[in-house]
Amino acid sequence: MGLAVVKLSAKEGAKVVATDIAIKQLEEAVSNLERDILALELDVSSEEQWKNVSRSFW
């Protein structure tokens, strides 16, 4: 479901930041899309990773 939202949002012209704990699979999935999507690793239980994600696009 998440990848479907990423695809649709990017297709509609949105700037997309996709996150997942399984970063390699996410990077592979978004690399097949013809859009510029920022893929970042995120374990939602990790405060440090939340900080890294928020720093990545501000």
| message | Can you give me the long-range amide H partners of VAL16? Hydrogens built in the peptide plane at 1.01 Å from N, cutoff under 5 Å, separation of 5 or more residues or another chain. | response | LEU38
| Inverse of mean 1/r across different Cα pairs in the chain, Kirkwood, Å | 11.7
| query | Which net charge results for the neighbourhood of LEU33, defined as the other residues with beta-carbon distances under 10 angstrom from its beta-carbon, given Lys and Arg at +1 and Asp and Glu at -1? | reply | +1
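Laboratory data are not the source of any read-out in this text; all were calculated from the coordinates shown. Just so you know, these numbers come straight off a predicted model, no measurement behind them. Using ideal geometry, Cβ is built from the backbone for each residue, glycine included, and neighbour counts are taken over all protein chains shown.
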